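Student: The structure's right below; bear with me while I get my questions together.
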Amino acid sequence: MTTLKERLNRWKETRNTGQKIGDVFFWVLLVLLIIPGPRKVISTSINRLALHIKSPSMIPEEKQLSLDEDAYKWVLRSDEGEAVSFSQFRDKPVFLNFWATWCPPCVAELPEIQKAWEKHGSSVDFLLVTNQDPTVVKAFMEKHGYTVPVHYTASPEPQAFDHGSIPTTYILSPEGKIVVMKKGAVNWNSKGTDRVFDYLLR
């Protein structure tokens, strides 16, 4: 049976310097990905790099789903704990994002969502929706200086928003049509987002 020392010597003999550096980097990365703290940081950073190549585009008009009356009966809770009916977001464009603080892709796209909210928040309703403990979420938002509105689930989401994974984002028209649906981290502070909102606000 080959000993660890023999395997190490064989590795040294058969790999050139570049390959050795690559191997060491791979194993260090693998070990860091096993440890929860570094794993989240690395995963979030990778998602931040990737999201800049993802920009939203509208669903073709013939494939856009219209929300029914049951969807507007959905109840959320505000950051202050008050009941909020989804019906109050009728007649304006809505940016609806399902997320969580423990989700690296969600955390990766939050800076871009914050910037989009600062740019469009006066004319578009932004809702970050989570089922996490409000205390955890508030601490996270304060730590990072995010001010985009957060809502909490108080009843099951409508079938139209049955997303299955996070982050998932929907953009709704004032007429209640889903014009954008994206899963995964996306660059929401982009020309693509600007074009969608400009179209909906015409």
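The values are calculated or read from the model by the stated rules, or taken from the named source; none is laboratory data. Here the structure is a predicted model, which means the values were calculated and not measured. All Cβ positions, glycine included, derive from the backbone under ideal geometry; neighbour counts span all protein chains shown.
Student: Quick check on my filter: what residues within segment 67-94 are assigned to a helix (DSSP H, G or I) and not polar (S, T, N, Q)?
Tutor: Listed by number, the residues that qualify are Glu69, Asp70, Ala71, Tyr72, Lys73, Phe86, Phe89.
Student: If you take the residues of segment 57-76 that are of a type in the set (Gly, Ala, Ser) and out of contact with any Lys or Arg (no Cβ under 7 Å at 6 or more places or on another chain), which of them is surrounded by the fewest Cβ atoms within 10 Å (Cβ to Cβ)?
Tutor: Ser57
Student: Out of (1) under 24 Å from Glu69 (Cα atoms); (2) over 15 Å from the mean Cα position of the chain (by Cα); (3) among the small types (Gly, Ala, Ser); (4) not in a helix (DSSP H, G or I), the odd one out for Ser122 is which?
Tutor: So Ser122 meets the others, but not (1).
Student: Oh, and also: Just to be sure I understand the filter: pairs with C-beta atoms under 7 Å, separated by 6 or more residues or on different chains, first member in segment 183-201 and farther than 24 Å from Asp162 by Cα, second member part of a loop (DSSP other than H, G, I, E, B) and charged (D, E, K, R). Which pairs pass?
Tutor: none
Student: Which of the numbered conditions does Ser155 fail, given that it passes all the others? Conditions: (1) surrounded by 15 or more Cβ atoms within 10 Å (Cβ to Cβ); (2) part of a loop (DSSP other than H, G, I, E, B).
Tutor: With (1) surrounded by 15 or more Cβ atoms within 10 Å (Cβ to Cβ); (2) part of a loop (DSSP other than H, G, I, E, B) applied to Ser155, the lone miss is (1).
Student: Somewhere in segment 102-110, is a residue outside any helix (DSSP H, G or I) and either farther than 29 Å from Pro60 by Cα or at pLDDT 95 or above (or both)?
Tutor: Yes: one or more hits.
Student: Now a separate question. Restricting the first residue to segment 144-164 and requiring it to be at pLDDT 95 or above, which pairs with a second residue that is in a helix (DSSP H, G or I) and hydrophobic (A, V, I, L, M, F, W, C) meet a Cβ separation below 7 Å and a spacing of at least six or different chains?
Tutor: Matching pairs, first to second residue: Tyr146/Leu110; Val148/Ile113; Val148/Trp117; Val150/Val137; Val150/Met141.
Student: Here is a follow-up. Scanning segment 128-148 for residues that are of a type in the set (Ser, Thr, Tyr) and closer than 13 Å to Gln114 by Cβ, which turns out surrounded by the most Cβ atoms within 10 Å (Cβ to Cβ)?
Tutor: Here the residue is Tyr146.
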